[in-house]
Structure formats: structure tokens, C-alpha cells
Amino acid sequence: MRRLPNDAYVYATYRLVDREDKLKARADGIAVGLTVGSWTDLPAAKQAQVQKHCGVVERMETVEHLADGQVVADITIGYPVINFTPTFSALLTTVFGKLSMDGIIKLIALHIPDALRQQFPGPKFGVQGVRDRLGVHDRPLLMSIFKSCIGNNLDELTAHFTEQALGGADLIKDDEIFFTEAYATPEERVQAYAKAAERTRQETGKRVLYAVNLTGPVFELRERARRLASLGAGALLLNVYAYGLDVLADLARDPEVTVPIMAHPAVSGALYAAPHHGISADIVLGELLRLAGADIVIYPSPYGSVTLPREEGERLVAALRRPGPHKPCLPAPSAGIHPGLVPVLLRDFGTDIIVNAGGGIHGHPGGATAGGRAFCAAIDAAVRGIPLPQAAENSPALAQALQKWGYREA
Ligand code: 1AE
């Protein structure tokens, strides 16, 4: 069979377990089975016009010999770009559809050539666009997560918003678990918080963006996203892996969705967390979310309550920033973050990040406003290379936070 040029293929690398003498047949089976063929010979698969759609085995490498005679191996398959439409349903079903159920196998690398990549939306705003909206370019951003939203009425929620805004947060986001509209609809929240944000701006001089949880039936999301943007939402929060990557992509493509989109990682652990199954975290939360158009990507940091190992987090962030046809996204390392962790977050992920905290703000002994101030002091100190205990001498809020949660120096 004649090979197409390299940039005419999507390359997927799988780490799998099999007998070494069976690897070649397994690789051929994947290349043909996920493109033009099946598990058995089909006459149609041999026809000339079909051949340009056939997958190719690019590489096979044994990584480890196991005691039972099997091996761990990496197999790279090239899938012709002409087989795809620019949708995640096409991409994922081809490279890891039924294959994801075929024994011990994990998708560990995915290379998409620019010709296909640029047909996906990518972020509309990216790092620069989000920073421009806030007018903040020289430090990490601070995001505060609403905690205890459910069961509060609009006045109570607005009071919580105001407390967070007064603490100095750049962004305030809904908790991803906030769905009920029994007490206040997203539309009501957006309008009430926009007024509250204007009031706090008079007091602090700081702009704050509210990221509203985009919820409801899937076919109503587009209209709702447009409406929330026009009512004054600062950003949209989307539980991407609950709704689907193509939902995010279609929102990102829509010119009337005029605000940044923040991807929450809810449910994604079911895809990436198993060591020998699923898809690597850097693909799930890095590569695919950027391709689909997330401006901000929330992911577990290496240090807090829900964690992702540091090397995996670094690979994920590299995928959000790698040069290519799409704008880079803002990483938001999250879960169990308190002010004492700010120096290590900056050390590992740089200053183009969002420091994102819920409990670390609301659990501050002085309340949410003091919690925000403690983070602002920690971010300022970390950017200037000042040890946190030294910075705490001038910030009672930071001193209280360090006393409660401790700290880690970079
Ligand atoms: C990785 C997701 C983190 C998240 O969704 C969340 O709500 C964190 O809250 P805290 O900061 O752990 O209280």
C-alpha cells in the first residue's frame, strides 16, 4: 500500500499489553479495523479507492517484558486525515472508539496535523483575551469558587458574591455542582452579580468577572449561552465531559457567545485516571479542551485535595501552551488550594495561571473577604520572590491563612 505524506495522518499512540509475537498482528488489526476493514477479511477493503482511507502502523516498541510472557508495548497508528470531519465524535470514535474496550490499552499520545487542527475552533479569547478583559497582565489571576450555593436565595448569593469580590478576586465562578434553579436562575444571578460587581469596583477599583454555570438541556445551551453573555456574564463555566466535547466546540464556534468559556474537569477522571486504561490526562484536559475552544482549563493541582501527579500536570499545561494554530489557554490548577501553596503553583506552572480556590477562601478564619486578601498577598509575594512568612508580617489575613493551613516554599 502507498503511504500518504506524514501530515496526512492523525497519529495515535497506545500503550497496551499483549504477547510479543502477536504485536504485529494486533497493530495491523487496529490500523485496518478502525478504518476500512474488520476482524475478518472483507473483499471491499481491498478495493483501490478504499486503500487511501486505510490506517498504517507507524511504530511498535516494546517497553517492558512481563513475568507472564506478555509485553507492555507502545504502538503508533496513523489514521488518514481524510477519514475525519472536524468533530470530536469523529476524532474519538476513530482513534479510540471500540478500541478503548479491547483489553489493557491506554491512549497516551495524539498528534493532529495542523490541516485538521485548524478546522476545530480553539479558544476565542485565550490567555491574552481573558487578561485584556480584566486589565491584568503582570501576575497570576485569582479565582474564587462559590461554596454553599445550593439552598441560598438571590440576596444571600449576591451577598456571598460581594464578600468574594471585596477580597480581590479577579474571577468568581459558580460551583460546578450548582444546577438547581429553584432559588435563582442563572439569568437572575448574572444580572444581580453584574450590579454587585459594579458596586465593589467603585470601592476597590478592581474589575471582577463572574463565570456562570451553563446548565440545562443540551439543545438549549446555545441560546442560554448567548443570553447569559448578553446579560453581562463575565465567562461561562461548562462541565465539558458531562455534556460532551462537541457541545463546547459548537459554543466556541458561535460568534454570539461573546465571553470566555471555562472548562470544568468533572467526570474526566473516569477517562484518564486508570493507569492502564482510558486516555492520558494531558490529552483529556490539555489537547482536547484547547482544540474544543476552552479559554480556561481547570485541573487538579499536584498538591491539594484531589491531585494529578506533577509531571502529568506539566504535560497537560504544555498542551495548553504549545505553539500551533490556536491561542493558548489559561491553566487553573485547583482543588484544596490555600495561600500557602501559591509559591509552588507558580514554580511549576508559571505566572500565566489562575489560582483557583473555594475552601481556601471561604474557610479563612476571617471569612471570604479576608480569604481573598490572603491570596492576593500570597500571589504578590510569590511573584516578587518574597517568602510567605515575611509577606505575612504585612498582611494579617495571610498570617492567619498560613497559621491555619501552613505553607510550602518553592
Ligand atoms: C479540580 C476541581 C476542583 C473543584 O471543582 C473545586 O470546587 C475545588 O474547590 P476547593 O478549592 O477544593 O474548595
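The values are calculated or read from the model by the stated rules, or taken from the named source; none is laboratory data. If you're wondering where the values come from, they're calculated on a predicted model, not measured in any experiment. Glycine gets a Cβ as well: all are built from the backbone with ideal geometry, and neighbour counts include every protein chain shown. Please note that ligands, DNA and RNA were not included when accessible areas were found on the heavy atoms of the full protein model with its side chains. Shrake-Rupley method; radii C 1.70, N 1.55, O 1.52, S 1.80 Å.
Checking each residue in region 314-352 for being in contact (Cβ under 8 Å) with a residue 40 or more places away in the chain, under 19 Å from ASP132 (Cβ atoms) and surrounded by 24 or more Cβ atoms within 10 Å (Cβ to Cβ) picks out CYS329, LEU330, ALA332. With the condition kept exactly as written, say whether any residue in region 306-321 is modelled with pLDDT of 95 or more, within 19 Å of VAL240 (Cα to Cα) and part of a strand (DSSP E or B). Within region 306-321 (the criterion being modelled with pLDDT of 95 or more, within 19 Å of VAL240 (Cα to Cα) and part of a strand (DSSP E or B)), the answer is no, since none of the residues qualifies. Residues that are outside any loop (DSSP other than H, G, I, E, B) and either outside the structural domain of PRO260 (by TED's automatic domain parsing) or of a type in the set (Ser, Thr, Tyr) (or both) do occur in region 206-216, at least one of them. Evaluating THR369 against the criteria (1) open to solvent by less than 10 Å² (accessible area, probe 1.4 Å); (2) β-branched (Val, Ile, Thr); (3) under 23 Å from GLN164 (Cα atoms); (4) touching a residue at least 60 places away in the same chain (Cβ under 8 Å) leaves one unmet condition, (1). In region 147-159 there is at least one residue that is touching a helix residue (DSSP H, G or I) at 6+ places or on another chain (Cβ under 7 Å), within 16 Å of the ligand (Cβ to nearest atom), farther than 29 Å from GLN119 by Cβ and open to solvent by 20 Å² or more (accessible area, probe 1.4 Å).
Residue by residue through region 247-263, note down the ones that are open to solvent by less than 20 Å² (accessible area, probe 1.4 Å) and either outside the structural domain of ASP295 (by TED's automatic domain parsing) or not in a loop (DSSP other than H, G, I, E, B) (or both). Hits for region 247-263 are LEU248, ALA249, LEU251, ALA252, ILE261, MET262, ALA263.
Residues of region 322-355 being part of a loop (DSSP other than H, G, I, E, B) and away from the ligand (no atom under 13 Å from the Cβ), which ones? Don't jump to the end; show me each part of the working.
We begin by selecting, within region 322-355, every residue part of a loop (DSSP other than H, G, I, E, B); these are 322-329, 335-338, 350-353.
Residues satisfying the conditions are ARG322, PRO323, GLY324, PRO325, HIS326, LYS327, PRO328, CYS329, GLY350, THR351, ASP352, ILE353.
The set of residues in region 192-215 that are open to solvent by less than 30 Å² (accessible area, probe 1.4 Å) and touching a helix residue (DSSP H, G or I) at 6+ places or on another chain (Cβ under 9 Å) comprises ALA192, TYR193, ALA196, ALA197, THR200, VAL208, LEU209, TYR210, VAL212, ASN213, LEU214, THR215.
Residues of region 387-405 that are over 15 Å from ALA370 (Cβ atoms) and polar (S, T, N, Q): GLN390 alone. A single entry from GLY244, GLY278, GLY269 fulfils the requirement of being farther than 24 Å from ILE172 by Cβ and either open to solvent by less than 10 Å² (accessible area, probe 1.4 Å) or within 14 Å of the ligand (Cβ to nearest atom) (or both): GLY269.
Residues that are within 16 Å of the ligand (Cβ to nearest atom), of a type in the set (Lys, Arg) and open to solvent by 50 Å² or more (accessible area, probe 1.4 Å) are absent from region 115-127.
Restricting to region 250-266, what's the tally of residues that are among the aliphatic types (A, V, I, L, M) and within 14 Å of the ligand (Cβ to nearest atom)? The qualifying residues number 3.
Figure legend. Inter-residue proximity from region 302-313: first residues closer than 18 Å to ALA274 by Cβ, second residues open to solvent by less than 70 Å² (accessible area, probe 1.4 Å) and away from the ligand (no atom under 13 Å from the Cβ), beta-carbon distance below 9 Å, spacing 6+ or different chains. Indicated pairs: GLU312/SER280; GLU312/ASP282; GLY313/ASP282; GLY313/ASP348; GLY313/PHE349.
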